[in-house]
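Colleague: Sending over a structure as structure tokens; questions will come in a sec.
The values are calculated or read from the model by the stated rules, or taken from the named source; none is laboratory data. Since we're looking at a predicted model, the values are computed, not measured. Cβ atoms come from the backbone with ideal geometry, glycine included; neighbour counts cover every protein chain shown.
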Amino acid sequence: MDNSPELDALLARLDTGASRDRISAAADVAELEVVERDLLGRRSGAREVREAIKGLDPSERPVAGRALSSYEAGVREMLAERATALAAAAAAAGEADAAERLDLTLGGHGLNRGHHHLVTQVQRELEDIFVAMGYAVAEGPEVEDDWHNFEALNFPPGHPARAMQDTLYVKLGRPEQVMLRTHTSPVQIRVMQSQPPPIYCVMPGRTYRNETLDARHSPVFHQIEGLAVDRGITFGDLAGTIEAFTSAYFRTTVPTRLLPSFFPFTEPSAEFAVGCVFCEGSGCRVCSQTGWIELGGCGMVDPNVFAAVGIDPEEYSGFAFGFGLERMPMLRYGVNPIKTFFDGDIRFLSQY
Ligand code: FA5
């Protein structure tokens with residue numbers, strides 16, 4: 001049976017010879033891509049033939065379909081061959097160029113763009129560790145009022161525990177009412193005032209104390225505070241959290257130790273220490289032969305603190321901790337004394 005004129009017209013459009021000529025004429029990969037689009041793409045003749053097959057008599061559709069498939073397969077093969085040939089030619093040209101090229105580069109003056117201070121790097125790293133555990137990050141002001149820095153944290157005026165933190169006051173308003181914050185704990189208060197539980201938050205920042213500089217103490221230093229308030233939070237959660245972040249930071253399972261302590265805003269309170277990473281607990285100069293290095297304080301949020309911010313201590317419990325940020329890189333890199341961080345000596349800073 002003869003083909004219908006419609007079928008013949010379609011088959012005539014599948015011209016392998018003309019396609020071969022176009023493919024061979026492509027001088028580089030970019031041109032070859034254009035040819036491929038023209039021959040097989042969405043607006044190509046092949047695509048129009050595919051659409052037109054639907055309008056043929058059903059008995060002729062298989063013939064047209066087979067012809068189209070065979071044309072497309074042939075074009076793809078020719079495209080692949082041409083691509084290989086073009087790639088080989090480009091590689092050969094590159095080698096020839098490289099052989100003739102003269103290296104005229106001078107040493108030059110590299111632009112030293114600087115980088116984050118080691119303390120900032122550690123702060124960011126610790127934030128990432130806590131964010132991965134589901135914590136948010138919050139900040140508070142460095143100039144604080146007496147209520148946030150002390151009173152809401154259960155240090156009433158005249159409480160002897162205020163003497164534990166040598167305060168630098170700012171001459172503003174009534175005497176001794178405005179100060180440089182002595183710890184990051186006032187940010188706990190601000191966070192609890194600003195949102196209802198559940199709260200899982202870390203609060204890093206700069207803190208100030210009227211202290212004489214020594215190997216481990218500086219009048220300006222950084223702390224990172226942690227606060228978790230939810231139903232059913234226990235001291236076990238606190239211990240597990242401390243172990244989790246110290247292990248994540250030191251990238252090994254470091255032993256942690258909690259010793260009874262006192263803070264007006266936590267009850268019970270503890271000091272937490274990590275096993276000395278230098279001597280692995282056997283005792284050395286860095287850990288004063290104790291095998292342990294103190295990082296900070298912690299405990300269960302005191303009900304009086306919850307009362308100050310309007311959280312019901314019958315419904316919620318929580319833990320808090322705060323530790324010196326400089327302690328972490330001091331331990332990891334053996335930086336000593338603490339003033340090394342703040343001297344601004346580029347020979348030290350550029351190492352990290
Ligand atoms: C506090 O500041 C409490 N706010 C910590 C806390 C938070 C307890 C939440 C309970 C709940 P302390 O004064 O011990 O605690 O300081 C905590 C840590 O800050 C210390 O262990 C030490 O690592 C660091 N630190 C304290 N003073 C200095 C200083 N002058 N220089 C460098 N680091 C310091």
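Colleague: Quick one: count up the residues across region 221-237 that are within 14 Å of the ligand (Cβ to nearest atom) and surrounded by fewer than 16 Cβ atoms within 10 Å (Cβ to Cβ).
Modeller: Residues flagged as within 14 Å of the ligand (Cβ to nearest atom) and surrounded by fewer than 16 Cβ atoms within 10 Å (Cβ to Cβ) within region 221-237 amount to 1.
Colleague: Could you tell me whether region 238-247 includes any residue that is of a type in the set (S, T, N, Q), more than 22 Å from Val335 (Cβ to Cβ), more than 10 Å from the ligand (Cβ to nearest atom) and surrounded by 14 or more Cβ atoms within 10 Å (Cβ to Cβ)? If you could, list the steps in order and put the result at the bottom.
Modeller: Residues of region 238-247 of a type in the set (S, T, N, Q): 241, 246-247.
Filter again for more than 22 Å from Val335 (Cβ to Cβ), leaving 241.
Still in the running and more than 10 Å from the ligand (Cβ to nearest atom): 241.
Then keep just the ones that are surrounded by 14 or more Cβ atoms within 10 Å (Cβ to Cβ); that gives 241.
Yes, region 238-247 contains a residue that is of a type in the set (S, T, N, Q), more than 22 Å from Val335 (Cβ to Cβ), more than 10 Å from the ligand (Cβ to nearest atom) and surrounded by 14 or more Cβ atoms within 10 Å (Cβ to Cβ).
Colleague: Sticking with this one: Does region 203-217 include one or more residues that are closer than 25 Å to Val286 by Cβ, among the small types (Gly, Ala, Ser) and assigned by TED's automatic domain parsing to the domain that holds Glu326?
Modeller: yes
Colleague: Identify all residues within region 78-116 that are assigned to a helix (DSSP H, G or I), surrounded by fewer than 11 Cβ atoms within 10 Å (Cβ to Cβ) and acidic (Asp, Glu); write none if there are none.
Modeller: Passing the criteria: Glu95, Asp97, Glu100.
Colleague: Filter region 308-329 down to the residues that are away from the ligand (no atom under 14 Å from the Cβ) and among the basic types (Lys, Arg) and list them by number.
Modeller: Hits for region 308-329: nothing passes.
Colleague: Oh, and also: For region 117-129, check the following and say yes or no: at least one residue is away from the ligand (no atom under 14 Å from the Cβ), in a loop (DSSP other than H, G, I, E, B) and in contact (Cβ under 8 Å) with a residue 24 or more places away in the chain.
Modeller: Yes, because at least one residue in region 117-129 is away from the ligand (no atom under 14 Å from the Cβ), in a loop (DSSP other than H, G, I, E, B) and in contact (Cβ under 8 Å) with a residue 24 or more places away in the chain.
Colleague: When region 144-161 is examined, which residues are found to be away from the ligand (no atom under 12 Å from the Cβ) and either without any contact (Cβ under 8 Å) to a residue 40 or more places away in the chain or over 16 Å from Gly322 (Cα atoms) (or both)? Let's see the steps before the verdict.
Modeller: First pass over region 144-161, keeping only residues away from the ligand (no atom under 12 Å from the Cβ): 144-148, 151-152, 156-160.
Once the filter is applied, which keeps residues that are away from the ligand (no atom under 12 Å from the Cβ) and either without any contact (Cβ under 8 Å) to a residue 40 or more places away in the chain or over 16 Å from Gly322 (Cα atoms) (or both), region 144-161 yields Glu144, Asp145, Asp146, Trp147, Glu151, Ala152, Pro156, Pro157, Gly158, His159, Pro160.
Colleague: Only one of (1) closer than 20 Å to His217 by Cβ; (2) more than 10 Å from the ligand (Cβ to nearest atom) fails for Phe341. Which number is that?
Modeller: Status for Phe341: all satisfied but (2).
Colleague: In region 170-193, how many residues are within 16 Å of the ligand (Cβ to nearest atom) and either outside the structural domain of Gly158 (by TED's automatic domain parsing) or touching a Leu at 6+ places or on another chain (Cβ under 9 Å) (or both)?
Modeller: As a first pass, look at region 170-193 and keep what is within 16 Å of the ligand (Cβ to nearest atom): 179-192.
In the following step, the residues that additionally are either outside the structural domain of Gly158 (by TED's automatic domain parsing) or touching a Leu at 6+ places or on another chain (Cβ under 9 Å) (or both) were identified as 179-180, 182-183, 185-189, 191-192.
Here the count works out to 11.
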